Amino acid sequence: MVGGLGVGLKKRLLQHQINHYLARLAKTQNEEQFYNEFDVILKGLHRFAGPNRPAMENVRKAFQRKHPWAELSRLLLQDRISKVSREKLAENFFCDWVMEAKTREKLEEEGFKAPWFFVISPTNACNLNCYGCYAHEYEKGQGLSYPTFDRILREAKQLGIQFIIISGGEPFHYKDRKTGKDLLDLLEEHDDMFFQIYTNGTLLDDKTIERLAKIGNAAPAISMEGFKKETDERRGSQVWEKITEARRRLHEVGVLQGFSVTVTRENASIVSSDEFIDDLIAKHVSFGWYFIYIPIGKKPAVELMPTIEQRSKLREKVWEWRSNRPIFIGDFWNDGPWTGGCIAGGRKYFHINSSGDVEPCVFIHFAVDNIMELWKKGKGLREAIISPFFLSIRKKQLEKNHNWLTPCAIIDKPEILRDAVKEYNAYPTHKGAETIIKGNIASFLDEYAKRLEATTRPEFEKMVAGEYDSPGVKLSKVIENYRRKNRQELEIQTRRVERI
Ligand code: SF4
């Protein structure tokens, strides 16, 4: 019991309260009234927030300052998402974020720190044939069976993980051979979770979109390479038209939608332009992710990696857009200072591939555990998250990486991954995975990492010294807190491993 009420009842009350407020907000037309109402909600929720209280306080302050994300919330509630999507977001994402904090706190007391989310790729198969896509170039297996996929999600919930990212292959291409069940069946079966789905968008036909709208607990992030020319050149002719139409339909039925881009030397200037992001906002896109091309797969091409200058330019643009555009953007590499460095190895996330191998990150194709093998031994996700391989990556990050503008264990501090793979004899999860840790590509990365460190170190020092602090957000404090927390969290996990 919490505060005299059972957790289940408290959660339902919270859900009811939030839904009531959000419905009111959705009807508010006057901007001032919208912001005032929102402030009342956040104030009311403060007492439920537990360990998330400081984060909630920051959100509240941002709304009071009318940060562009406040405008994003208004657009979402008044224009972009349906009642079903709104309620699922509130119940599965927001309420769970607040309430599952208790589950997580309890696990922490037992000596286990669960990551916030993970990525799962149920299939490597795809309906497109894009040049350079690592998923396409790997051999196709059967993918995860539906019961395996389902069991992984049930285990995740026991660890207080309610947010799952689905990747691939093409997730909407997934179908279990035995049962015929597909991704939408899974979303429906786990309607108490929230999913983000990386998709090429071409299988989002009317029927799929209508089902997504009905279920309400998933947000597709459609991949693109730039505008029509760049997207069709790599993905195939007419792909741009198909995804534009899918975006229109998703908006029409009120499904939250995002984008994802792999930044290469060729498209970097286009995808870092105001025109690119404004076009997405105009198409009602609410969030998106930038990924830097990294040379993995069967035909890795180091010449496609963006230059160090292009990478810095992207950071400047993304950070600028955060202060003046109503869209949520994640920049997987450049956001290190905001995320306490690399999030891999179960610190904040990990990846399960289509064979069940548990990888530290979607881009690290090495593992020491396979989920099906763990189950045979009476173990599971919990043990995978605290594998010595995962913990070693985190420990090495803590000890060797003091510049979070170079967070990556693969390309920025490549020795971290190489040493951990060697130390724990991690097996490659795909043919060709080793090319990133030895030979010409490894030598290229050593040089790249040296230059990146030299260029970014002074900038990161400025962040630590408070030169990037604003009246609303103190980045120097964020960095300071993460330095402490990363150490504490690793200590919690390590203590547990020692006890096993
Ligand atoms: S290893 Fe690199 S790509 Fe993976 S989470 Fe860390 S920084 Fe990101």
(message) Need the failing condition index for Lys175 against (1) buried (at least 21 other Cβ atoms within 10 Å of the Cβ); (2) at pLDDT below 95, just the number.
(response) (1)
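Would you point out which residue out of Val318, Val253, Val261 is out of contact with any Gly (no Cβ under 8 Å at 6 or more places or on another chain) and either within 16 Å of the ligand (Cβ to nearest atom) or of a type in the set (Asp, Glu) (or both)?
Val318
Within segment 178-219, work out how many residues are part of a helix (DSSP H, G or I) and within 19 Å of the chain's Cα centre (by Cα). Show your work before the answer.
Our first condition is that a residue be part of a helix (DSSP H, G or I); within segment 178-219, this holds for 183-189, 206-215.
Now restrict to residues that are within 19 Å of the chain's Cα centre (by Cα): 183, 187.
Qualifying residue count for the region: 2.
Going residue by residue through segment 47-67, is there one that turns out to be β-branched (Val, Ile, Thr), under 24 Å from the mean Cα position of the chain (by Cα) and surrounded by 13 or more Cβ atoms within 10 Å (Cβ to Cβ)?
Yes, because at least one residue in segment 47-67 is β-branched (Val, Ile, Thr), under 24 Å from the mean Cα position of the chain (by Cα) and surrounded by 13 or more Cβ atoms within 10 Å (Cβ to Cβ).
Let me confirm something: among Lys299, Lys348, which residue is more than 12 Å from the ligand (Cβ to nearest atom) and assigned to a loop (DSSP other than H, G, I, E, B)? Full working, then the answer.
Values: Lys348 fails: more than 12 Å from the ligand (Cβ to nearest atom).
Step by step, each of Lys299, Lys348 is checked, and only Lys299 is more than 12 Å from the ligand (Cβ to nearest atom) and assigned to a loop (DSSP other than H, G, I, E, B).
Residue by residue, here is whether (1) surrounded by fewer than 21 Cβ atoms within 10 Å (Cβ to Cβ); (2) aromatic (Phe, Trp, Tyr); (3) more than 24 Å from Lys474 (Cα to Cα) holds:
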residue: Glu303; (1), (2), (3): yes, no, yes
residue: Trp319; (1), (2), (3): yes, yes, no
residue: Asn353; (1), (2), (3): no, no, yes
residue: Glu373; (1), (2), (3): yes, no, yes
residue: Lys377; (1), (2), (3): yes, no, yes
(request) Filter segment 387-421 for residues that are more than 26 Å from Val478 (Cβ to Cβ), more than 13 Å from the ligand (Cβ to nearest atom) and touching a Ser or Thr at 6+ places or on another chain (Cβ under 9 Å) and give the result. (result) Asp419
(message) Can you confirm whether Ala90 is among the small types (Gly, Ala, Ser) and in contact (Cβ under 8 Å) with a residue 12 or more places away in the chain?
(response) yes
(request) Considering only segment 424-452, state which residues are in a loop (DSSP other than H, G, I, E, B), at pLDDT 95 or above and surrounded by fewer than 18 Cβ atoms within 10 Å (Cβ to Cβ). (result) Asn425
(message) Take the residues in segment 462-489 that are farther than 23 Å from Phe63 by Cβ and acidic (Asp, Glu); name whichever of them is surrounded by the most Cβ atoms within 10 Å (Cβ to Cβ).
(response) Glu489
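The values are calculated or read from the model by the stated rules, or taken from the named source; none is laboratory data. The structure displayed is predicted, hence computed values, not measured ones. Because the Cβ atoms are built from the backbone with ideal geometry, glycine has one as well, and the counts that use them run over all protein chains shown.
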